[in-house]
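The block underneath contains the structure these notes are about, expressed in structure tokens.
The values are calculated or read from the model by the stated rules, or taken from the named source; none is laboratory data. Since this is a predicted model, take the numbers as computed values, not measurements. Cβ placement follows ideal geometry from the backbone for every residue including glycine, while neighbour counts extend to all protein chains displayed.
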Protein chains: 2
Amino acid sequence: MRSIILGALALSIASACQAQDAVETTVTEAEIASALAPDWRDVAPENLILIETSYGDVVVELNPDFAPNHADQFRQLVRDDVYNGTRFYRVIDTFVAQGGLQDDAVIEQFPTLTNENDRPLSDAKFIPLGNADLFAPIVGHIDGFGVGRSESLQKEWLLHCPGALAMARDTDPDSGSTEFYIVLDAQRYLDRNLTIFGRVIDGMQYVQKLKRGIRAIESGVIQAPEIGDEILSMTVAADMDEVIRPSYQVQAMPTQAFEDAKTAKRVRDDPFFYRKPPEVLDICGFETPVRKTPE
Amino acid sequence: MRSIILGALALSIASACQAQDAVETTVTEAEIASALAPDWRDVAPENLILIETSYGDVVVELNPDFAPNHADQFRQLVRDDVYNGTRFYRVIDTFVAQGGLQDDAVIEQFPTLTNENDRPLSDAKFIPLGNADLFAPIVGHIDGFGVGRSESLQKEWLLHCPGALAMARDTDPDSGSTEFYIVLDAQRYLDRNLTIFGRVIDGMQYVQKLKRGIRAIESGVIQAPEIGDEILSMTVAADMDEVIRPSYQVQAMPTQAFEDAKTAKRVRDDPFFYRKPPEVLDICGFETPVRKTPE
């Protein structure tokens, strides 16, 4: 078996040694927070949504901090069993998988939402990625989510990276209600135009298995006699018996563990890389580490 | 049905009107070439490879201009039926789908290849993308393939964008032979470290359906009793009867059609975009248009 990349990188202990040699050290506020924070953050069961498909469960973390009304409405729709038995009816390869009620007459029964596609710069713990970005003046992470920022706009917003969960809409920016989509490949030009309210933290491989439509035909809506894959059920984890409820953790930030995870992807020390790649990360190519909560 | 993006954009005729008003016009060499070139280039049947899976056919265009020895060896392996019945045995979501012979003892029977992961700057028709890139000083396209360029290195190379077909190897840069991988999400840090010798031009959605391994276990190699999806057959289109042989065309370049395709993705005139996105393209997010040859 031929590997294209070797296994886990041995983390260097050089930085610790250098600290002992340093004439003076300054300890930043972030370093103190990092030293005190646990390395993992529990995903709140109220924000953990399971989308059951025939391929496996797609697990989403909602983001009520950025999009409180969208997260609330989606959670309530899930609790009302609105999505059970509906389909991923518009799936375009390398673009998005869209699901929901599909029928305009049914959709119109639900209240439309004022967009929440950006917010004023907050005092949330924003962790800069550390290099440039093609689409936003500054990018980084808040609570594991990819975030763009602009000082001139005094705004911050969630990014259309793979796995982002967002609300579809008509031309009116405030017309979203029930139809959601999951981003397959990065679609950053949609940032600040549509409202992201969560992201897939597990099971993205099952989203990738969904039956595709043809982009040029009815904007990718799967056409009869073909039929999109079914959403067998959606469940808020908080509503499940604790014995069977799945539990996830996202790497906490700021933490040294998160900085180390980025460095391992940015600095390729393994001899496999006989040419050192540029030491940059694409915000959409770096996935915040997620794990099932250890027993 | 709620669209997240409206259908085909009406192409503006403003540029034609402006040309009539212009005091003087300069006609560049590229514009002459564009005016003379047909809008589509036929994919040579010798470079068209069909990878049959249970989900559907994955269609590859080889690139013997950038990687002549890799393309030749791969084509010969296909003709020798070496891959028929083998499996995609190492598939990591958002990373790569690797296939081939898997067994080191078998792999060693085939000659290793000197890497062809870059080449001197050529006089091939390089079409600049027109904006910055995170990983390369200059990016653009040659014959539909994403290309990076460096004036200081005097080199150009193919990019690890989704769909790139490349040869796996051991730590020795010249150790690739039979094990290939298809890039799922962009992996640009692999550029100039491994040899890309083709790209998927159709059926990427079937690659996305392949059974995944677990990255943390044996570097993503699918573990028994699980088994990777089978390569039912591989065929060089040139070897098929012309009556049943599939035929593809890639948008030609330089052409106005190709420039228009990029502009349509870069400048979002549709009123759906109530906030205009930055007018940039990610080289790995823009797919060169491909079509089946019209009857």
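Restricting to region B:195-207, name every residue that is buried (at least 24 other Cβ atoms within 10 Å of the Cβ) and more than 12 Å from the chain's Cα centre (by Cα).
Correct list: B:THR195, B:VAL207.
Condition first: more than 15 Å from A:ILE222 (Cβ to Cβ) and either free of Cβ contacts under 8 Å to residues at least 12 places away in the same chain or among the hydroxyl-bearing types (Ser, Thr, Tyr) (or both). Now tell me which residues in region A:82-105 satisfy that.
Across region A:82-105, the qualifying residues are A:TYR83, A:THR94, A:ASP104, A:ALA105.
Please go through (1) surrounded by fewer than 21 Cβ atoms within 10 Å (Cβ to Cβ); (2) in contact (Cβ under 8 Å) with a residue 40 or more places away in the chain; (3) over 24 Å from B:GLN187 (Cα atoms); (4) within 11 Å of another protein chain (Cβ to nearest Cβ) for A:GLY220 and return the number of the only condition it doesn't satisfy.
Every listed condition holds for A:GLY220 apart from (1).
With the condition kept exactly as written, say whether any residue in region B:122-129 is farther than 19 Å from B:LEU62 by Cα and within 11 Å of chain A (Cβ to nearest Cβ). Break it down stepwise before answering.
If we filter region B:122-129 for residues that are farther than 19 Å from B:LEU62 by Cα, which is where we start, we get B:123, B:127-129.
Restricting the remaining residues to those that are within 11 Å of chain A (Cβ to nearest Cβ) gives B:129.
Scanning region B:122-129 turns up at least one residue that is farther than 19 Å from B:LEU62 by Cα and within 11 Å of chain A (Cβ to nearest Cβ).
Of everything in region B:59-86 that's charged (D, E, K, R) and surrounded by 20 or more Cβ atoms within 10 Å (Cβ to Cβ), which residue is farthest from the other protein chains (Cβ to nearest Cβ)? Can you show your working first?
Here is the first cut: in region B:59-86, the ones charged (D, E, K, R) are B:61, B:65, B:72, B:75, B:79-81.
Checking the rest, the ones that are also surrounded by 20 or more Cβ atoms within 10 Å (Cβ to Cβ) come to B:61, B:75.
Working: B:GLU61: 17, B:ARG75: 20 Å.
Checking each candidate, the answer is B:ARG75.
If the Cβ limit is 6 Å and pairs must be 6+ apart or interchain, which residue in region B:119-141 that is β-branched (Val, Ile, Thr) pairs with which residue that is modelled with pLDDT of 95 or more and not in a loop (DSSP other than H, G, I, E, B)?
Matching pairs, first to second residue: B:ILE127/B:GLY140; B:ILE127/B:HIS141; B:ILE138/B:ARG149; B:VAL139/B:GLY148.
Hey, among the residues in region A:104-131 that are β-branched (Val, Ile, Thr) and touching a Ser or Thr at 6+ places or on another chain (Cβ under 7 Å), which one's surrounded by the most Cβ atoms within 10 Å (Cβ to Cβ)? Before you say what the answer is, go through the steps one by one.
Our first condition is that a residue be β-branched (Val, Ile, Thr); within region A:104-131, this holds for A:106-107, A:112, A:114, A:127.
From the residues that got through so far, the ones that are touching a Ser or Thr at 6+ places or on another chain (Cβ under 7 Å) too are A:107, A:112.
Numbers: A:ILE107: 19, A:THR112: 17.
Of everything passing the filter in region A:104-131, A:ILE107 is surrounded by the most Cβ atoms within 10 Å (Cβ to Cβ).
When you go through B:PRO294, B:PRO278 one by one, which is the residue that is modelled with pLDDT under 95 and surrounded by fewer than 17 Cβ atoms within 10 Å (Cβ to Cβ)? Give the steps one after another, and end with the answer.
Details: B:PRO278 fails: modelled with pLDDT under 95.
Of the residues listed, the single one that is modelled with pLDDT under 95 and surrounded by fewer than 17 Cβ atoms within 10 Å (Cβ to Cβ) is B:PRO294.
For B:LYS276, only one of the following conditions fails: (1) under 30 Å from B:VAL78 (Cβ atoms); (2) of a type in the set (D, E, K, R); (3) free of Cβ contacts under 8 Å to residues at least 12 places away in the same chain. What is its number?
Answer for B:LYS276: the failing condition is (1).
Conditions tested, residue by residue: (1) closer than 28 Å to A:HIS141 by Cβ; (2) surrounded by 15 or more Cβ atoms within 10 Å (Cβ to Cβ); (3) at pLDDT below 95.
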{"position": "A:GLU230", "(1), (2), (3)": "no, yes, no"}
{"position": "A:THR235", "(1), (2), (3)": "yes, yes, no"}
{"position": "A:ASP241", "(1), (2), (3)": "no, no, no"}
{"position": "A:PRO246", "(1), (2), (3)": "yes, yes, no"}
{"position": "A:ALA252", "(1), (2), (3)": "yes, yes, no"}
{"position": "A:LYS262", "(1), (2), (3)": "yes, yes, no"}
{"position": "A:ARG268", "(1), (2), (3)": "yes, yes, no"}
{"position": "A:PHE273", "(1), (2), (3)": "yes, yes, no"}
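Looking at (1) farther than 18 Å from B:TYR83 by Cβ; (2) within 11 Å of chain A (Cβ to nearest Cβ), can you tell me which one B:VAL207 breaks?
(1)
Do we find that A:GLN256 is within 22 Å of the chain's Cα centre (by Cα) and modelled with pLDDT under 95 in this structure? Steps first, answer last, please.
On the way: within 22 Å of the chain's Cα centre (by Cα): yes; modelled with pLDDT under 95: yes.
Criteria met by A:GLN256.
Would you confirm whether any residue within region A:13-30 is modelled with pLDDT under 95, more than 14 Å from chain B (Cβ to nearest Cβ), more than 24 Å from A:ALA261 (Cα to Cα) and not in a loop (DSSP other than H, G, I, E, B)? Can you show your working first?
Here is the first cut: in region A:13-30, the residues modelled with pLDDT under 95 are A:13-30.
The next check asks that each one be more than 14 Å from chain B (Cβ to nearest Cβ); those that pass are A:13-30.
Filter once more, keeping what is more than 24 Å from A:ALA261 (Cα to Cα): A:21-24.
Restricting the remaining residues to those that are not in a loop (DSSP other than H, G, I, E, B) gives A:21.
Checked region A:13-30: at least one residue is modelled with pLDDT under 95, more than 14 Å from chain B (Cβ to nearest Cβ), more than 24 Å from A:ALA261 (Cα to Cα) and not in a loop (DSSP other than H, G, I, E, B).
If I filter region A:167-183 down to residues being at the interface with chain B (Cβ under 8 Å from one of its Cβ atoms) and under 21 Å from A:GLN208 (Cβ atoms), which single residue comes out as surrounded by the most Cβ atoms within 10 Å (Cβ to Cβ)?
A:TYR181
B:ARG192 is checked against (1) under 16 Å from the mean Cα position of the chain (by Cα); (2) at negative phi; (3) outside any strand (DSSP E or B) and fails just one. What number does that condition carry?
With respect to (1) under 16 Å from the mean Cα position of the chain (by Cα); (2) at negative phi; (3) outside any strand (DSSP E or B), B:ARG192 is out only on (2).
Of all residues in region A:111-153, count the ones that are at pLDDT below 95 and over 25 Å from A:PHE286 (Cβ atoms).
Qualifying residue count for the region: 0.
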